[in-house]
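Everything below concerns the one structure shown next.
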Amino acid sequence: MMDLFNESMDSRQQSAAAFKAFMLKKSTKSNLNLYDHLTRLLMKVMDERPHDVVDVIEDMSREIKLTVFEDKQSTLRDLPQTTAAEQLAEQQRLLFAWLEDVGQEEELVETPFPNVSEIGFYLEQAGVGLGREEMQRIYLALKQLVESHGLPRCRLWGKILGTESSYIIAEADYREDEQVEEEEQSTDEAAEQEESEAKEAEENETKEKDLPPQSIYKPPPAVPKEAIGVGTNKFVYYVCNEPGLPWVKLPSVNPAQITAARQIRKFFTGRLDNPIVSYPPFPGNEAIYLRAQIARISAGTQVSPQGFYQTGEEEGDEEETPHDNCEVNPDFEGLPVAEMADSLSIWAHHIQHILQQGRCTWVNLATKPEDTNEEEDDDEKEEGPDESEPEIGPPLLTPLSQDAEIFNTPPWSTKLSSTLTSQHAIAVVRSNLWPGAYAYAVGKKCENIYIGWGLKCTGKGYDPPLPPQPQKEYPSGPEITESVDPSVEDEEAMKEVLEEQQAAQEDAEETDEEEEENDD
Amino acid sequence: MDTNSLFCSLELVAGSGHTLNVEQRTALETSSAILKRNYKFHRVLLWGKILGLRKDYFIVQGRGEDEIKDRKNLYSFNCVDWFVLPTATDSMIEEVSKLGTGQFIGDPSFVYEINKRAEGPEAVEEEGLKVTEETRLAVTVHQIDEEASVVPRGAFVRSPHSLVQINRSFGGLSDAEANKLHNYLHFREAKNVKEKSILEMGDLNPALDFLDVLSDDIPKGSWSLQFECARKVCVLRSLLWLGLTFYHVPMTQQHGYIYTGDGTKNLNLPFML
């Protein structure tokens, strides 16, 4: 019995030993063996004790194999690689630099930059926001902007999303010395333009006469730019891609850019120097396009409750002339929130409407003195009567209930931020024409923000404008048009007519002769 | 995005400008637990919000055992009372495609009427088609899921029984991988049966690569890939369905997508790139 048992034990031990030897056999490829691998795997399972181990055992086994190949002691020198996140962190660290100048702040009556965290708090109730941390970074970035540029007043305008990165946009008042500078610049530009035009004209004259025929197309006279601090150029805008990166000042906008921006539909990329490839061609790069869209969005969507702003008080009873400016009403008492969330007539635009011309105030182009040749003057005289009808936009502080409906959708939606605790809710208005534009009001506070793609709602679809008719190669006249060959019927009819005429003539001649004879 | 991790995931997609206020978040957390029990969902996702002229629709998606096939969408106005959306069928999709592309009203029983133009003898037979807004909503949600739902590669595995389930050992894409569009997949039944060369097939794993990749989308450039939140979170935005935002934190399991928009497809995309 014992012998038998011993024998079987022996054979079993032998087979086990054989199997162990098999498992210990090293792979020719990886120089690993299964025995050690399984030991490590079981040790890992015992250490970590994951639940449902059997489902993930393959992955654990793979992980163990990977750790074998990890090169821990490399003789190569460590090559430091800075990631984008690290670079940004370096720059954002400057936002958190704290300067000890407490005494100065007490003197200031009004801080030039807004309380962004409070705005963020209200916006979050409205279901809008950029995230609390991002808002805090923007807050610090705005502080940095105000301090470094010495801006008198600044607010967070919003954010425009781009395909590669986004723009954070700050709106600021012009400094007084800045206004003068800008005006000088613009006059310089105009002078340069005139000079270049004059040069071109001279060049044309001096060239030989065998040139191909010149285009007779004369561009319509350019609408003059609005002065700094007026209309579309009332504010200056600063943009940056990420809070902490340097703020870039956008150039002022001119009417031609606004008109062109109205006709195209392009995504922003996030690079200010990116050329805009579109039809009709856009005059300028993305910075200018961005500025034009900002002007359009501001004019369309900056709203506040009635009474929050008041028009500048002027003497006399000139009520018909539209006011150009409005200021914050210090006596504004606040309106009941439920009422604001209910009717649009309580809300009013506080930025001037942009006319078809691309300006806020209409300018008569026909009376503008121009040093052009006579032909153009003739043209202008013909077109004059049509053009000189002044466009009048809605005056400032027009209630939203008078906004036109486009594509059968009401332009605004209002709501309360909360249904359960409506006692402490805030009133929110959302623009349906400019998706992403919001305004809220609660008590004496009111703010606007735009976060979106910077594009207007198009309704059914966008139709790019068709190219104009090509110029004719030659003037069409009777000499070069082919006449239709007459058919047999036509010829016969013609013949009859001719015969009749002849007969009539003969009759007439005969009577004439008779008369002559009678005269004789 | 999973309703269990709303507090953090909503912050990560907030760069697109939309978020939920605290009242809605808390209501959603409470009601999603109840939904999960009542409908026997494995998990409940916040799908997004469709903005209407009068009211906004909140939409959640319940997922069953199979993450692609067992889906059910529900809508609500207050994040508490949920109503099941009908499953979109081909006939519904066709009916809705005849509608205009105006904004949603915010009333599920609103009826859109399609007036037929009298064109030839066939038009006389067809009655004016009537479509409720609920149908339109169901179709829109279905279309967005079909065309713009995104998952990172490896987050889901298809088991040998062809069940699609969460991959427990998914450790997230690495920073370098997260930068490439071909590491993101459409979370729908694969449609593009594109022949791949053996060279491309080398890295593919049939358990992970059973979905279409975003980089094959037409037109090229219909996705915007950026790093946000101090350049630590990878954010993808669909330019075809403006309002769809996807986020993924590299080297973690966190990923998800949300749609907040007016529910209209950006048909002008070719002009805008």
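Bear in mind that the values in this text are calculations on the coordinates, not laboratory data. Values in this document were obtained by computation on a predicted structure and should not be read as measured data. Note that we place each Cβ from the backbone using ideal geometry, even for glycine, and neighbour counts take in every protein chain shown.
A few points about this structure:
- Pairs exceeding a 19 Å alpha-carbon distance, out of A:Lys266/B:Lys191; A:Lys266/A:Lys456; B:Lys40/B:Lys72; B:Lys98/B:Lys130: A:Lys266/B:Lys191.
- In summary, the lysines within cross-link reach of A:Lys249, defined as a Cα separation below 19 angstrom excluding same-chain residues under 8 places away, comprise A:Lys143, A:Lys159, A:Lys225, A:Lys234.
- Of the residues A:Leu34, B:Ser32, A:Val442, the one whose Cα sits farthest toward the positive end of the charge dipole of the protein assembly as shown, with +1 on the Cβ of Lys and Arg and -1 on the Cβ of Asp and Glu, is A:Leu34.
- Separation between Cα centres of the stretch B:206-227 and the stretch A:1-41, rounded to whole Å: 49
- Cα-Cα over 20 Å, subset of B:Lys180/B:Lys265; A:Lys218/A:Lys472; A:Lys460/B:Lys265; A:Lys444/B:Lys55: B:Lys180/B:Lys265; A:Lys444/B:Lys55
- Its Cα gyration tensor gives the protein assembly as shown an equivalent ellipsoid. The semi-axes, each the square root of 5 times an eigenvalue, are 64, 40, 31 Å from largest down.
- For the stretch B:47-106, relative contact order (Cα pairs under 8 Å, six or more residues apart, normalised by length) works out to 34 percent.
- Average partner coverage of A:54-66, which counts Cβ from other chains inside 10 Å: 1
- Ranking of A:Leu130, A:Leu245 by count of other Cβ atoms within 10 Å, fewest first: A:Leu245, A:Leu130
- Distance between the stretch A:410-489 and the stretch B:76-106 - C-alpha centres, whole angstrom: 25
- Proxy reagent accessibility, fewest Cβ within 10 Å first, across A:Leu32, A:Leu79: A:Leu79, A:Leu32
- 10 Å Cβ neighbours from other chains, averaged over peptide A:128-139: 4
- When peptides B:180-189, A:10-19 are sorted by average Cβ neighbour count within 10 Å, with the highest value leading, the order is B:180-189, A:10-19.
- Highest-MSF residue in chain B out of B:Gly171, B:Gly62, B:Gly154 [GNM, Cα springs under 10 Å]: B:Gly171
- Whole-angstrom gap from the stretch A:251-308 to the stretch B:8-44, using each part's C-alpha centre: 36
- The stretch B:1-71: trypsin sites (Lys or Arg not before Pro) falling in loop per DSSP and having at most 11 other Cβ within 10 Å: B:Lys40
- Legend: ranking of residues A:Ile351, A:Ile392, A:Ile406 from fewest to most surrounding C-beta atoms inside 10 Å; resulting order A:Ile392, A:Ile406, A:Ile351.
- Loop-located GluC sites (Glu not before Pro) in the stretch A:28-72 whose Cβ has at most 14 other Cβ within 10 Å (DSSP): A:Glu70
- With distances taken between every two different alpha-carbon atoms, the stretch A:248-306 has a Kirkwood hydrodynamic radius of 12.0 Å.
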